[in-house]
Amino acid sequence: MTTARKHTALGRVVLAACSALFALLICEAFVRVFVGAPSRYPATVHIESADKRVGLDLYPSNPRGYFQMDARQPSTLAAWRGRAGRDFESRVARAPYAVPFQYTADLCRGQAIPPKVPGRKRILVIGDSFTEGQGVLEADTFVARLARRFPYADFVNCGRRGYDFPELANWFDRHMELEPDVVLYAMVLNDPQQSAAFHARQRYIDDWIVDRRRMVSEGSGAPPFWHSHLWLALQDRMESRRVGMATTAWYRAMTGDQNRDGWNATLAHIQHMDQVMRARGGSFAVALWPLVVDLDQHYPFEVTHQTISSALTDRQIQFHDTLAAFRGQSTENLWVHPVDHHPNEQAHAIFARDVADFVHAALARVH
């Protein structure tokens, strides 16, 4: 090859490289101006006093304007310093927007439970953080909304975050001392008991409820200026897809053959609760929440809902699936926060409306 041809070939390579670099710079500029880097947030925090009678859910931002309490206020800081430990102020500095919680001596949400009134029915509602109302003011929870719909009955919200089976079965037994006429169990797809073998196979995954991938333990979460926003966006998309597929498979497996022993144990716990209430002349009912995932597109857990429905109705458990009421809703509009995908106050309102007739029927079955 002559020197002239070598120079021509080299020039073409340089031109192609410059064109590719220019295209990448254009894409980078577009992402920075119109898309931005993937959002990252300081971690959300839940704080409870040592006696677990009061608590706070703390969030790093207030995108919907729903969190009306600013924990940085001097009065709040003063009230919580002795309750929440020495690092309370540093936590508040990173996540200042708060939802307050009050718990009874029975660790149920709300005011002290009064003595039962003869002739007045009592409805005990059990479940996990969806029932407790993580990130939701007490008056906006579905339990409080149902209480307003049925003023002739007393509702007790004994949802407790983080409780799955077998803890939920123990929680039910413990609260029989409240003498409920109706027990409403608000079920969530991650409630089933996990067999030892199934749990041992579990790796870190996002649980479709708290988006831990978007939480950072230090700093504001904003990437340094010199980091490529285009690369971060591509990396986030690939990681989101990988984690999403793994998480979906895990949820589906929880009621399948991979967790057969755990799922069978869960069904036995639910049957036990139903039998206890029947023996008392009361009523037991299960209402199923959907996860707040792709409700406006292709919801990934249709089969799981059908599996739960078939298993419970075959065992003559009073069951209601609320998925139809949520289908087509804008998913992100029902989140407590961009990194906390618990149902917000709008989702609680939908759930309450949809189960109202179901609860009425449960009350009517009480002897």
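What about Asp274, is it charged (D, E, K, R), in contact (Cβ under 8 Å) with a residue 12 or more places away in the chain and buried (at least 19 other Cβ atoms within 10 Å of the Cβ)? Criteria met by Asp274.
Among the residues of the range 291-308, is there at least one that is closer than 29 Å to Met176 by Cβ, assigned to a helix (DSSP H, G or I) and over 24 Å from the mean Cα position of the chain (by Cα)? No, because not a single residue in the range 291-308 is closer than 29 Å to Met176 by Cβ, assigned to a helix (DSSP H, G or I) and over 24 Å from the mean Cα position of the chain (by Cα). The set of residues from the range 57-73 being touching a strand residue (DSSP E or B) at 6+ places or on another chain (Cβ under 7 Å) and of a type in the set (Phe, Trp, Tyr) comprises Tyr59, Phe67. Restricted to the range 112-126, and to residues that are in contact with a strand residue (DSSP E or B) (Cβ under 7 Å, 6 or more places away or on another chain) and assigned to a loop (DSSP other than H, G, I, E, B), which residue is farthest from Val366 (Cα to Cα)? Here the answer is Ile113.
Looking only at the range 113-133, decide whether some residue is of a type in the set (Ser, Thr, Tyr), in the same structural domain as Ala186 (by TED's automatic domain parsing) and farther than 24 Å from Leu334 by Cα. No; the residues of the range 113-133 include none that is of a type in the set (Ser, Thr, Tyr), in the same structural domain as Ala186 (by TED's automatic domain parsing) and farther than 24 Å from Leu334 by Cα. In the range 108-136, the residues that are at positive phi form Cβ pairs under 8 Å with partners that are surrounded by 24 or more Cβ atoms within 10 Å (Cβ to Cβ) and acidic (Asp, Glu), at six or more places apart or across chains, as follows: Gly135/Asp57.
Taking the range 62-115 as the range and being within 17 Å of His46 (Cα to Cα) and touching a Cys at 6+ places or on another chain (Cβ under 9 Å) as the test, the residues that pass are Leu107, Cys108, Arg109.
Every residue in the range 61-97 that is in contact (Cβ under 8 Å) with a residue 60 or more places away in the chain, farther than 27 Å from Cys158 by Cα and surrounded by 15 or more Cβ atoms within 10 Å (Cβ to Cβ), please. Listed by number, the list holds a single entry, Ser61.
The values are calculated or read from the model by the stated rules, or taken from the named source; none is laboratory data. What you see is a predicted model, and the numbers here were worked out from it, not measured in a lab. All Cβ positions, glycine included, derive from the backbone under ideal geometry; neighbour counts span all protein chains shown.
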